[in-house]
Structures are given as structure tokens and as C-alpha cells.
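Only one structure is covered here, and it is reproduced in the block below.
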Amino acid sequence: MKLLFIGGTGIISSACSQLALARGYELVLLNRGQSSRPIPEGARQIQADIRDLAAAKQALADEHFDVVVNWVTFTPEHIETDLELFAGRTGQYVFISSASTYQTPPAHLPVTESTPLHNPFWEYSRQKIACEERLMRAYREDGFPMTVVRPSHTYDQTLLPMRGRYTVVNRMRQGKKVVVHGDGTSLWTLTHHRDFAKGFVGLLGHPAAIGDVFHITSDELLSWNQIFQQVAAAAGAEAQLVHIPSDTLAQHDADWGSGLLGDKAHSMIFDNSKIKRLVPDFAATIPFWQGAQEIIAWYDADPARQTIDPTFDQLLDDLIARYDPT
């Protein structure tokens, strides 16, 4: 197959690019060439800005693709650009949506692909929902060969799962307390990007995926207390946790609050039966404790990566001083 990835060097897409190449697919990446990650060996790059329709048309010329995947589409306006660019040019167009589009908080668990889409807390999610609705209309009215994929919290070795990133690890290593939202017992799903890639690449070119929607996640369930504890263990530290309600955190940091109330504050358990039926060899096999070791090793390999956010560090100090009863 001939694949076009728009982006292709990000946290999720980099593993998908590597696996597609390993399976012998012809991979073309269209991007601006500004990623910190290198273009994978064997891929061909087209350097252009997908947001510049005229430039993208010129760069793509008359090329056709079996599959087009846009990793950087966030608004319905971006979808309109892609419809103009790729209608009649591809056998499958894959939109990367988000599992945060599902009903929040969920009325029923586990979440399936038929769970309603409704997120009143997070504009990012509402924009993704609008993108899905536009694509589904294009499929129904015009036969545009779309597939929607909804990742949940997918990570690689560079991505710590908590607000503040390495600032939190640094506090743990210094023996300082850190903040966990709620009581830390809500359940969460973390998916390693190499595991995600196995399900995702299996959908590419699959005729039964056209006009349909899939989420792809690990089946491992961890509480947020366990997530912090596993990161601390990988860092050779102890997690001293202070629990503060998500609503309270939102009052002190609006961006943190939108991600919590719109996503992470609620238990999310996913039923992956649908992707497993279409891609029988999909199985998530990397537990988070192992992923946490990869993350800490990446940070420890280069002190320049160990960035401390003094503003967030001070916010944690202030929150703990105000709300920690001990």
C-alpha cells in the first residue's frame, strides 16, 4: 500500500510510521519538517504546510494514495481542507479523533464506540466531535471513504502522564509532596504508542473500516494513585500524594481544570472488542510500569530534558500548603 501521513513524527504517529515501514508499506510524510523527531528511514518526505491549501495542492501534485492519515486535524475547517485535497485521491481517509469525545462523565462503563459523544467541559473535544460529524456526513452524502480512530491517553518515552511533567518527578526525587486530583482512585487507561500502532496499522486499507469508528487502547486499568506510584518507583523515589478535588484545581489553573473535568477526573474503561474483531493480532502488551521505566530513562539520559516549571512548582507548593491537612 501507498500511505500518506500528514505529520507522522509525533508521539503517536512515530510508532505507526515505523510499523508501517516494517510491514513493507510505501510511506510518504507531508509535514513542515520542524519536528524534533527525524524522518524514519525508508519514508519519503513532502515538505509543505497542510494549513496552506494552495501550497499543499502544489506539493501533492497528482499523487494518489491507498490511505491518507491526517494526524494534525483539530477543527471542522481542517476537515474541509482535507475533503478538498483528498476526495478522489485516496481509498481511505483516517481522522484521528479522541476518546475524550465520549460522554463525560460516562453514564455507563465500559465505553464502546456507540457511547454517545458529549463533552461539555472541553472545547478540544467538542471540536473533534464536530470534525467527526462533518466526515460522517461526507461519507453518507458523497461516499467519502473515511475512518475515525479515537486514541485515549497514548504515550511514548518522552511523555509523562501528569500535569507538570518532569517537575513532578523532580519533586518526588526531592522528597516533596505532589498533587493528585480527586481521591486518586478513579481508573485510567494509558496506552504505549507501540501497542497503539499494532491496532492502528491493521486498520489501514481494511475495507471493513470504511465508514466506521474505532478506539484503540490498552486493557490495563490503573488508578491515578497507582500511576503516580509507578512513576515514582521508576524514578527511585516515593510518591507522597496530596489529594485535591478536580473542581478546586480548576479554580486555580483553568487549563489543568479543563483537562481534568473534560477527561481525566472520570474513570474511563474501554471495551476494545471492535478493534480486536477487525485486527485479530492486536494486543496491548506493554504495562505502564515498563513504560514508566522507559520514560525515566529517557529523561535521565540527558539533563537538558529535565525541565522544571517554576510557576507550576510554586502552584503545587501553594496548593499543598492550603489544602493538605497533615
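The values are calculated or read from the model by the stated rules, or taken from the named source; none is laboratory data. Because the structure is a prediction, the values reported are computed rather than measured. Reconstructed Cβ throughout: ideal geometry from the backbone, glycine too, with neighbour counts over all protein chains shown.
Across the stretch 10-28, the number of residues qualifying as crowded, with 19+ Cβ neighbours inside 10 Å and under 13 Å from the mean Cα position of the chain (by Cα) comes to 6.
For (1) touching a Leu at 6+ places or on another chain (Cβ under 8 Å); (2) free of Cβ contacts under 8 Å to residues at least 60 places away in the same chain; (3) farther than 22 Å from L135 by Cα; (4) surrounded by 19 or more Cβ atoms within 10 Å (Cβ to Cβ), each residue gets a yes or a no:
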| site | (1), (2), (3), (4) |
| --- | --- |
| L4 | yes, no, no, yes |
| S36 | no, yes, yes, no |
| Q45 | yes, yes, yes, no |
| A56 | yes, yes, no, yes |
| V67 | yes, no, no, yes |
| V72 | no, no, no, no |
| P76 | no, yes, no, no |
| F86 | no, yes, no, yes |
| Q103 | yes, yes, no, no |
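Looking at the stretch 77-90, is at least one residue aliphatic (A, V, I, L, M), more than 19 Å from P145 (Cβ to Cβ) and assigned by TED's automatic domain parsing to the domain that holds G202? Among the residues of the stretch 77-90, not one is aliphatic (A, V, I, L, M), more than 19 Å from P145 (Cβ to Cβ) and assigned by TED's automatic domain parsing to the domain that holds G202, which makes the answer no.
Do we find a residue being surrounded by fewer than 18 Cβ atoms within 10 Å (Cβ to Cβ), touching a strand residue (DSSP E or B) at 6+ places or on another chain (Cβ under 7 Å), of a type in the set (A, V, I, L, M, F, W, C) and part of a loop (DSSP other than H, G, I, E, B) anywhere in the stretch 252-265? No, the stretch 252-265 contains no residue that is surrounded by fewer than 18 Cβ atoms within 10 Å (Cβ to Cβ), touching a strand residue (DSSP E or B) at 6+ places or on another chain (Cβ under 7 Å), of a type in the set (A, V, I, L, M, F, W, C) and part of a loop (DSSP other than H, G, I, E, B). Of all residues in the stretch 168-181, none satisfies being under 25 Å from G262 (Cβ atoms), crowded, with 22+ Cβ neighbours inside 10 Å, touching a residue at least 24 places away in the same chain (Cβ under 8 Å) and outside the structural domain of A234 (by TED's automatic domain parsing).
Looking across the stretch 203-222, the residues that are closer than 13 Å to A20 by Cα and out of contact with any Asp or Glu (no Cβ under 7 Å at 6 or more places or on another chain) come down to L203, L204.
Do we have any residue at all in the stretch 95-108 that's in a helix (DSSP H, G or I) and within 19 Å of V28 (Cα to Cα)? The answer is no; no qualifying residue exists.
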